[in-house]
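**Q** Handing you this structure, nothing more for now.
The values are calculated or read from the model by the stated rules, or taken from the named source; none is laboratory data. Since the structure is predicted, the reported quantities are computational estimates derived from the model, not experimental observations. A quick note on method: Cβ atoms are made from the backbone with ideal geometry, for glycine too, and the neighbour counts reach across all protein chains shown. Side chains included, ligands, DNA and RNA excluded: accessible areas come from the protein's heavy atoms. Shrake-Rupley method; radii C 1.70, N 1.55, O 1.52, S 1.80 Å.
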Amino acid sequence: MDKQIIVQTKRLTKHFPVGGGQFTALRDINLTFSKGEFTGVVGPSGSGKTTLLNIIGSLDAPSEGSVTVLGKPVEALTHKQAADLRCRHLGFIFQTYNLLPVYTVYENVEFPLLLLDLSAKEREEAVLQAVESVGLMPKLKSRPAQLSGGECQRVAIARAMVKKPAIVLADEPTANLDAENSHHILQTMEKLNTKFQTTFIFSTHDDKVIQYLRRKITLEDGEVAEDQEAGIRDQEEEG
Amino acid sequence: MIRFLIKGLLRDRSRSLFPVMVVAIGVALTVLLQSWINGVMSDMIRSNANYSTGHIKLTTRAYAANEEQNPNDLALLDAGPLTDRLQKKYPGLHFVSRIRFGGLLDIPDEQGETREQAPVAGLGIDLLSPGSTEADRLNIRKSIIRGRMPEKPGEVLVSEDLARKLAVGPGRAATVLGSTMYGSMAMHNFTIVGTVRFGIAAMDRGAMVADLDDVRRMLDMEDTAAELLGYFDDGQYRDTAAVRIVAEVNAAVDNPTDEFAPVMRALRDQNDLAEYLDLAKNMTRIISGVFVVAMSIVLWNLGLIAGLRRYGEIGVRLAIGEQKGHIYCSMLLESVAVGLLGTLAGIAVGLIPAWYLQEYGVDIGAMMDNSSMMISSVMRAQITVQTFLIGFVPGLLSTVLGTALAGTGIYRRQTSQLFKELEV
Ligand SMILES: Nc1ncnc2c1ncn2[C@@H]1O[C@H](COP(=O)(O)OP(=O)(O)OP(=O)(O)O)[C@@H](O)[C@H]1O
Ligand SMILES: [Mg+2]
């Protein structure tokens, strides 16, 4: 596998205005993510995980330094360009699923495709494939309220994956799930990662997730405390 | 995408059904209120014009100053030529003479002695000349309770209430005692041929309607008119035109300080109607203004809650790369659809009671017993073109404005902040 660089942060710093002064949520972050990575960002609450993912996802801009996503400098993008980047190349998975309650599984997964120039037939194929890959074909017509938490998160994965993005950003995807569902979710993502070479970047403090990671970045007080390659499971698989 | 959004709108009742209902209720109330106030106000203006003020009224200056006392000694002389001149100058108006007088109605017994006496408010109008419009203007034919219209000189109508009080009916002879223009005693024998109820408390208490020529003869008022009333040909009072004509006529009077000099007044200058007219003119604006504000607040609150609920959707849509402007536009479009639907429903719902009130009205006669206001005791709504249009103002304005305001939240917040609100 070639080491094509997909995301690169250089001296990334993020301040938030708090009261009169400012709070530094990220300080001097230098990280490189390559195509096909399966990486977790871990660290205590408030260490800056969500902030980092938001900046990589072009939902937030860095205060200092630069972030390059797929060759584009995030700090220089207009709202329109950022939206376009997200629309074509990024997928998001949330802790709270955030499925649209009034739409069916099929419609929720189809949603991201409506912004792309695809024919109805192309959309249908992509949706069915994505739903199939998370094993939810029998629930195609269900509404989120009729699904379990694990199933909801699998729909969210299908939604993130349906347009075959280069990067999937997942902020604590298993925080609301029990052990069994967490494993199931991670295995699903792992499968998709291998199949499509999609780069996965998680934030988590869930030990069950950590054992799946092939790279673990530890944040502490907004700084990179540790950047470890190759998780245990990964080595087992290779061995 | 549009189809997708419509689907969502229809399925999410808190976004479609509830706002549509709120709008419909508000619009229905607006429609009802507008038609009601419109009905009451135009009735008030019409009653005043027909029974009392005309659209314009010419009297002497002194008469105008003491009008309530019916000072017929101050009447206009040479009423015939005066009417002809005005009629020629203002062909769009129709001029009529009237005389009001106070007197005593004396009902004799079989021996010719006084059996019963009561004060009457007499009204002399042109009842008998062919083509006279006065009977219609006062809606007399439809107001007759017993008997018939006067058909020849000497025949009069009295109000039904007075007739009951005096225990008389059609066919009864009666004598009216009054005073002539020159201050001497006047006495005239009439035959009561019918009783009337106008539905206006001020008229129904003790009115007597006689032919103008009879009254002139009785009061020694040949070729005079206490009041010369002008009516626009279509029966609608037009304030601006009336005021202009009044100014024109009054400017042409050569001896304006003489107390017998003629003076013209528009409807608005009489019976304190100016305020009413101004109010009537602004009422539509006032009503729609009030409802725009009230509904905007309700919808805004509703929108706020709906908006909070929708931050989830908005966050997701931003995450999948939809432009903020696109989201904002789609929300506005949604609000137009909701506003339009609610408005149409509201107009339909509001017109039902409005129509009922137009046809049947509400009888407030009991409350009006002592009133001297020229207003019908049955209050009715009046549906006009404006009734249909007025609903759109609060209906559309409040939804679109409410959404436009709530939607700015998309722009005010950082994208990541909108996003965080998902994660609660
Ligand atoms: N919009 C903001 N304004 C001010 N401070 C903020 C803002 N967003 C985040 N912070 C602060 O930045 C720090 C990092 O926040 P972040 O959400 O990235 O933490 P996290 O590692 O994701 O924590 P958790 O594990 O609890 O989700 C926190 O101390 C937080 O209070
Ligand atoms: Mg977080």
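**Q** Have a look at A:Phe92, A:Phe23 and point out the one that is within 12 Å of ligand 1 (Cβ to nearest atom) and open to solvent by 10 Å² or more (accessible area, probe 1.4 Å).
**A** On inspection, the qualifying residue turns out to be A:Phe23.
**Q** Another question about this same structure. Please specify each residue of region A:184-210 satisfying the condition of being aromatic (Phe, Trp, Tyr) and either within 14 Å of chain B (Cβ to nearest Cβ) or within 16 Å of ligand 1 (Cβ to nearest atom) (or both).
**A** A:Phe202 - this is the single residue of region A:184-210 that is aromatic (Phe, Trp, Tyr) and either within 14 Å of chain B (Cβ to nearest Cβ) or within 16 Å of ligand 1 (Cβ to nearest atom) (or both).
**Q** Among the residues of region A:60-71, is there at least one that is of a type in the set (Asp, Glu) and near ligand 1 (Cβ under 10 Å from one of its atoms)?
**A** Yes; the residues of region A:60-71 include at least one that is of a type in the set (Asp, Glu) and near ligand 1 (Cβ under 10 Å from one of its atoms).
So that you can scan it fast, the table gives a plain yes or no per residue for (1) among the polar types (S, T, N, Q); (2) farther than 19 Å from A:Thr51 by Cα:
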{"position": "A:Gly71", "(1), (2)": "no, yes"}
{"position": "A:Leu77", "(1), (2)": "no, no"}
{"position": "A:Asp84", "(1), (2)": "no, yes"}
{"position": "A:His89", "(1), (2)": "no, yes"}
{"position": "A:Gln95", "(1), (2)": "yes, no"}
{"position": "A:Leu99", "(1), (2)": "no, yes"}
{"position": "A:Thr104", "(1), (2)": "yes, yes"}
{"position": "A:Val109", "(1), (2)": "no, yes"}
{"position": "A:Asp117", "(1), (2)": "no, yes"}
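**Q** Need the failing condition index for A:Leu213 against (1) within 16 Å of ligand 2 (Cβ to nearest atom); (2) at pLDDT below 95; (3) more than 14 Å from chain B (Cβ to nearest Cβ); (4) open to solvent by less than 10 Å² (accessible area, probe 1.4 Å), just the number.
**A** All conditions pass for A:Leu213, except number (1).
**Q** Taking A:Ser47 and the conditions (1) within 14 Å of another protein chain (Cβ to nearest Cβ); (2) within 16 Å of ligand 1 (Cβ to nearest atom); (3) in a loop (DSSP other than H, G, I, E, B); (4) crowded, with 17+ Cβ neighbours inside 10 Å, which numbered condition does it fall short on, given that it satisfies the others?
**A** Condition (1) is where A:Ser47 drops out.
**Q** Can you tell me which condition B:Thr240 does not meet? The list is (1) in contact (Cβ under 8 Å) with a residue 40 or more places away in the chain; (2) loosely packed, with under 14 Cβ neighbours inside 10 Å; (3) out of contact with any strand residue (DSSP E or B) (no Cβ under 9 Å at 6 or more places or on another chain); (4) not hydrophobic (A, V, I, L, M, F, W, C), and all the others hold.
**A** Result: B:Thr240 passes all but (1).
**Q** Looking at region A:96-114, is at least one residue open to solvent by 30 Å² or more (accessible area, probe 1.4 Å), at negative phi and in a loop (DSSP other than H, G, I, E, B)?
**A** So far as region A:96-114 goes, yes, one or more of its residues are open to solvent by 30 Å² or more (accessible area, probe 1.4 Å), at negative phi and in a loop (DSSP other than H, G, I, E, B).
**Q** Same structure again: So, restricting to helices (runs of 4 or more DSSP H) that lie completely within region B:361-424, which ones have at least 1 residues that are modelled with pLDDT under 80 and away from chain A (no Cβ under 14 Å)?
**A** Fully inside region B:361-424 and qualifying: B:392-412.
**Q** If B:Gly147 passes every condition in (1) on the phi < 0 side of the Ramachandran plot; (2) touching a Pro at 6+ places or on another chain (Cβ under 8 Å); (3) open to solvent by 40 Å² or more (accessible area, probe 1.4 Å) but one, which one does it miss?
**A** (1)
**Q** Does A:Gly57 qualify as being at pLDDT below 95, open to solvent by less than 10 Å² (accessible area, probe 1.4 Å) and either within 13 Å of the chain's Cα centre (by Cα) or within 15 Å of ligand 2 (Cβ to nearest atom) (or both)?
**A** So A:Gly57 fits the description; yes.
**Q** With the structure loaded, tell me whether A:Arg143 is open to solvent by 20 Å² or more (accessible area, probe 1.4 Å), within 14 Å of another protein chain (Cβ to nearest Cβ), more than 24 Å from B:His326 (Cβ to Cβ) and out of contact with any Pro (no Cβ under 6 Å at 6 or more places or on another chain) or whether it fails that test.
**A** Taking the combined requirement at face value, the residue satisfies it.
**Q** Filter region A:115-138 for residues that are part of a helix (DSSP H, G or I) and surrounded by 20 or more Cβ atoms within 10 Å (Cβ to Cβ); which is nearest to the other protein chains (Cβ to nearest Cβ)?
**A** In this case the residue turns out to be A:Leu115.
**Q** Mind listing whichever residues of region A:170-187 are charged (D, E, K, R) and away from ligand 2 (no atom under 13 Å from the Cβ)?
**A** Once the filter is applied, which keeps residues that are charged (D, E, K, R) and away from ligand 2 (no atom under 13 Å from the Cβ), region A:170-187 yields A:Asp178, A:Glu180.
**Q** Cβ-Cβ distance below 8 Å, separation of 6 or more or different chains: which pairs start in region A:83-98 with a residue that is facing chain B (nearest Cβ under 7 Å) and end on one that is surrounded by fewer than 24 Cβ atoms within 10 Å (Cβ to Cβ) and acidic (Asp, Glu)?
**A** Going by the 8 Å Cβ cut-off, the qualifying pairs are A:Ala83/B:Glu322; A:Cys87/B:Glu322; A:Phe94/B:Glu423; A:Gln95/A:Glu172; A:Gln95/B:Glu423; A:Thr96/B:Glu423.
**Q** Take A:Lys80 and decide whether it is of a type in the set (Lys, Arg), within 11 Å of chain B (Cβ to nearest Cβ) and farther than 30 Å from A:Lys208 by Cβ.
**A** When the stated conditions are applied, A:Lys80 passes them.
**Q** Now, a different point. Just to be sure before I move on: is A:Ala83 crowded, with 19+ Cβ neighbours inside 10 Å and either of a type in the set (Gly, Ala, Ser) or farther than 15 Å from A:Val162 by Cβ (or both) in the structure I sent?
**A** So A:Ala83 fits the description; yes.
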